[in-house]
1. Can you list the distances in nanometres, one decimal and ascending, from the A:Asn152 label point to the identical position in each other copy, with the point 7 Å along Cα to Cβ?
2. Taking θ as phi - 60°, what are the ³J(HN,Hα) couplings along the stretch C:66-73 by the Karplus curve (6.51, -1.76, 1.60), each to the nearest whole Hz, with x for Gly and Pro?
3. Could you order the peptides C:120-132, B:124-136, D:163-175 from most to least packed, using the average number of other C-beta atoms within 10 Å per residue?
4. How far, in degrees from 0 to 90, does helix C:181-204 lean away from the longest principal axis of the Cα atoms of chain C, to the nearest 10?
5. Shortest first and in nm with one decimal, please list how far the C:Glu37 label point sits from its counterparts in the other copies (point 7 Å along Cα→Cβ).
6. Give me a single rounded figure for B:210-222: the average over its residues of other chain Cβ atoms within 10 Å of their Cβ.
7. Could you sort out which of A:Lys54/D:Lys179; B:Lys44/B:Lys179; C:Lys8/D:Lys72; B:Lys183/C:Lys8; B:Lys218/C:Lys183; A:Lys179/D:Lys218 sit more than 22 Å apart by Cα distance in this structure?
8. When chain C is treated as a GNM, springs tying every alpha-carbon pair under 10 Å, which of C:Ala14, C:Ala51, C:Ala214 comes out with the largest mean-square fluctuation?
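Read-outs: derived from the displayed coordinates by stated rules, not from any lab. Since we're looking at a predicted model, the values are computed, not measured. Backbone-built Cβ (ideal geometry, glycine too); neighbour counts: all protein chains shown.
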4 protein chains.
Amino acid sequence: MSQYQELKQACYEANMQLPALGLVLFTFGNASVVDRERRVFAIKPSGVPYATLKAEDIVVLDFANNVVEGSKRPSSDTKTHAVLYSHWEHIGGIVHTHSTYATAWAQAQRDIPILGTTHADHLTVDIPCAPPMDDQMIAGDYEHQTGWQIINEFQRRSLSPEEVEMVLLSNHAPFTWGKTVEKAVYHSAVLEEVARMAYLSCTLRPDVPRLKEALIQKHYERKHGVHSYYGQS
Amino acid sequence: MSQYQELKQACYEANMQLPALGLVLFTFGNASVVDRERRVFAIKPSGVPYATLKAEDIVVLDFANNVVEGSKRPSSDTKTHAVLYSHWEHIGGIVHTHSTYATAWAQAQRDIPILGTTHADHLTVDIPCAPPMDDQMIAGDYEHQTGWQIINEFQRRSLSPEEVEMVLLSNHAPFTWGKTVEKAVYHSAVLEEVARMAYLSCTLRPDVPRLKEALIQKHYERKHGVHSYYGQS
Amino acid sequence: MSQYQELKQACYEANMQLPALGLVLFTFGNASVVDRERRVFAIKPSGVPYATLKAEDIVVLDFANNVVEGSKRPSSDTKTHAVLYSHWEHIGGIVHTHSTYATAWAQAQRDIPILGTTHADHLTVDIPCAPPMDDQMIAGDYEHQTGWQIINEFQRRSLSPEEVEMVLLSNHAPFTWGKTVEKAVYHSAVLEEVARMAYLSCTLRPDVPRLKEALIQKHYERKHGVHSYYGQS
Amino acid sequence: MSQYQELKQACYEANMQLPALGLVLFTFGNASVVDRERRVFAIKPSGVPYATLKAEDIVVLDFANNVVEGSKRPSSDTKTHAVLYSHWEHIGGIVHTHSTYATAWAQAQRDIPILGTTHADHLTVDIPCAPPMDDQMIAGDYEHQTGWQIINEFQRRSLSPEEVEMVLLSNHAPFTWGKTVEKAVYHSAVLEEVARMAYLSCTLRPDVPRLKEALIQKHYERKHGVHSYYGQS
């Protein structure tokens, strides 16, 4: 029996959540889970339909993208996951989808403005949209560079990946993450709903104002602050 | 056996209607039921997923927000419910959701204009959107003040909570209520559909005219007037 | 056993199709079937939820709106159905819904322009939107006048109810009909889809051109003409 | 037992995928499969609802539209399929739907611009919208000419049907194809989702830029190039 059984099972279950939540069509998405102690991560195999995916199909790799276990080819986005795990030490899972509304914002190359408390309950800034990569990055090791495009954008904006757990890639689609892969899946679903609400508000009222600062802070503290009183303790 | 068994069961059933009607994602919503004689109300616990919610998880509180029964922390919106129950004596249940279209209007900080008879069958004015709270109210006892923001807006507009059983909070989302919690749930679903139709009409024709006065009155009387002839008597 | 058993069963089944096709929320719709020989029609009772509706709840009335059989109050739209059956001798069933996109066009007080063959396969003109009724008609026998508003608009535009089997009522919602109630239900679903496609085309390209005349005629003849070759003969 | 049993079964299964994927309402669509050796193709019968469709209802025809097997009238779009099979030797299946968003673009008479990698993973040009046919073509052998309208547009734009496996027909709806009918069905679903995302991006930001060339090439090569690394080999 595989020593990565549990890791692969967790990865499998997270991946199966994506079609159940309406976040992927066909194979347009993938979830991964990291094992920090052994410095490996488990990810969906490339191009395998969710209907036939099994836990034993999950591929385990190290951070240099060497396959440690599994006979299938890993997701074509694997190198992006590897870069994020290497660079951001506190994330436990990553999800990539082409969910409809989030992808529409990514195609429009626009940050999703913070317009309401549904957004503010999860992060206190606009959801960042990283700009298109320059041609050299694209021509090079593309998926590896995709990871760096995300990290660089977070550094340029002084964002923390523990506070802002989602990003859009211009012309591409979203990535989300979290302390656990369950949180990463949750953030993908929240992002899609926030993207949908913001689309509706912006088309209804193109000059819609951003949320006022006092409200941003209040909602953030309510959920994350020292005196947090949301959820069960 | 709890003396609040029936109250908690009614509250549980109302809460379970919200995901069934497509009005909540994850835990973004809550329903409460009041017992006027004992001056207590039952409400959903905070952050508990609908899939695992049980009737015994429901929390019972008095109008001063003291927990009377229940081991879980009540919804973070509890104080808003308490203020509305205290101030408005004729309402029996309250529902709060972040349903997509209603929330999009709240984010746009716009009243939902009365454009058709689907709307007029339920209320004869635009669905009010209370303005953003001022910074002092937000920094203070926020959820308590949210209740007052609603009540103050109704007073400012001379609206009756028995005639207008729904409101949007700018940058936040809707609250609805009714003589019973079943009515409050019904109003949440009606609001979402009216919000969706109004979004479509307004984006199709930005200068869409409001419903003419004669038609507003007719539809209102048809349902609520002395000579009402809608539904079974 | 009722002599109207079959009529009531047909009416019941047609009504149950409306929620199944996603055309009604709660009780916002009704279907009726006429018996031309006995000059009566069967219609849904008012305000009865679809989940609990039974064939024996269906109400049978004559064209003067007298209840012939049934203990429940008939739909509040009954008089509109009666006027249409009286005046248009070749229709066998009528459906009224508040389906989302069709209602959005009715609220915008706009005809649905003929933009494609999905529309042209069913009718060769814009889907007419009858203007708002004048105040006298509204204050009078409202639902009866609603029927006349439809008939008058068809006469004003020289439309035949056998060629154009659907209409929007400004600020209200659609009515559809057909040789049978099954056709009337079918037309409600087609109308909703055509309304949705036209909404999308018009918001994507506000100056979208109407379908060219040659194509309108071709598609119409293909389905309805002497040399029809659509469907099984 | 029919010598076309297998062909008809494949055609039946492809057709049944269309409602399952939400791509057709009622009978608004059809799929066909070709047998290159015997120079025949199997197609859905005209106007038969999916709920009652059976494999033995499928009609087999030669490329001159003569029925080779089957007692039902074939789809009214049969001649369009025949022209495409005759002219394009490498396609194995064809699907026609009136899926909502793709049809909305066809009605708007606009190509779907390439805006993101969801699109670029499947084709590297805008999805072509063939212009409305001229009146002579329409008045003549319409469905036959529809096939030529597609072929001529591909020639005019120097497009290869093996690289671009989908097209919109102005005022009508999409056709897709592929090496197999399963691929053709897949392309119909991909087209609908790409059309939906592009609709959202274009209404959110009317001046949305097309995807940059380097990214188009990269995504194309990733899937189709010599060094392809998407999916299992």
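1. 4.8, 4.8, 6.8
2. Working through the residues one at a time gives 7, 6, 9, 7, x, 9, 9, 6 Hz.
3. Details: C:120-132: 20.2, B:124-136: 18.2, D:163-175: 24.2.
In decreasing order of mean packing, C:120-132, B:124-136, D:163-175 become D:163-175, C:120-132, B:124-136.
4. Around 40 degrees separate the two axes.
5. With the label placed 7 Å along Cα→Cβ, C:Glu37 yields 5.8, 5.8, 8.3 nm.
6. Details: counts 1, 5, 7, 2, 9, 8, 2, 3, 8, 5, 0, 1, 3.
The per-residue average across the peptide is 4.
7. On the way: A:Lys54/D:Lys179 28 Å; B:Lys44/B:Lys179 19 Å; C:Lys8/D:Lys72 34 Å; B:Lys183/C:Lys8 30 Å; B:Lys218/C:Lys183 31 Å; A:Lys179/D:Lys218 32 Å.
Too far apart for the 22 Å limit: A:Lys54/D:Lys179; C:Lys8/D:Lys72; B:Lys183/C:Lys8; B:Lys218/C:Lys183; A:Lys179/D:Lys218.
8. Of C:Ala14, C:Ala51, C:Ala214, the Gaussian network model singles out C:Ala214 as fluctuating most.
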